[in-house]
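To keep things clear, I will list the structure first and then write my remarks on it.
Laboratory data are not the source of any read-out in this text; all were calculated from the coordinates shown. In this text, all values refer to a predicted model and were calculated from it rather than measured experimentally. Note: ideal-geometry Cβ built from the backbone for every residue, glycine included; neighbour counts use all protein chains shown.
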Amino acid sequence: MGTVLVVGTTFGVVARQSGLEPIQIVAMSLLMFAGASQFAMVRLLSEAAPTPVVIASVLFINLRHSLMAASLRSQLRGLPLLGRLVAAFALTDEAFAMATGHYRRGGRSLAYYFTFAFSLYALWNLATLGGIVLGDAIGDPRRYGIDFAITATFTGIVVLSIRQRSDAVIAVVAGMVAGGLALAGASTIAVITAGALAPSIAIFTRR
């Protein structure tokens with residue numbers, strides 16, 4: 001939860017410093033609710049990237065959510081269509097990690113997922129507002145090491161998800177691929193490539 005506040009505030013600051021209007025920033029957090037995609041979108045907009053490129057990049061980064069949704073399908077399939085759509089909207093990496101852990105421990109309550117997911121949604125939007133208010137007052141957020149908060153969050157999610165040695169190997173390989181692509185300047189496709197590679201390796205090794 002604390003990480004969401006830190007990263008959400010950072011997003012508000014970065015978006016405001018990039019020249020976006022407060023109403024645009026608020027709308028982005030309310031309607032998208034996808035941290036990595038929002039940061040990418042702000043960067044592309046600040047560089048005056050063509051609209052099709054912005055849309056394609058955001059969709060590409062968010063493709064990993066389809067893998068997470070498929071993993072939670074058995075728990076959510078009893079919901080009506082509207083319920084599944086609401087669950088999909090609130091699906092984030094953190095909510096997925098917590099829900100997966102809950103169901104692995106034998107939990108069956110859907111209230112657990114929805115409570116956690118929408119608590120994150122509320123905190124993210126409050127933090128975004130805080131970042132907008134801080135604006136230029138905070139200066140460059142990277143000097144405080146805040147930019148590492150997202151990396152730390154994903155690392156924590158992966159570590160908590162490891163159950164056996166093969167999980168650790170898959171995580172290391174996927175991390176190396178993502179890091180290599182990011183260093184090569186292909187950070188936009190780094191996450192989705194590693195995200196697609198990890199389950200492929202898992203399926204191959206289990207067979």
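Using a 7 Å offset from Cα along Cα-Cβ at Asn125, what residues in segment 1-30 end up with backbone N under 13 Å from the label point?
26-30
Note down the net charge around Gly78, summing +1 for each Lys or Arg and -1 for each Asp or Glu among other residues with Cβ under 11 Å from its Cβ.
That sum, taken over residues with Cβ under 11 Å, equals +4.
Report the convex hull volume per residue for segment 1-110, counting only C-alpha atoms, in Å³.
Dividing the Cα hull volume of segment 1-110 by its residue count gives 109 Å³.
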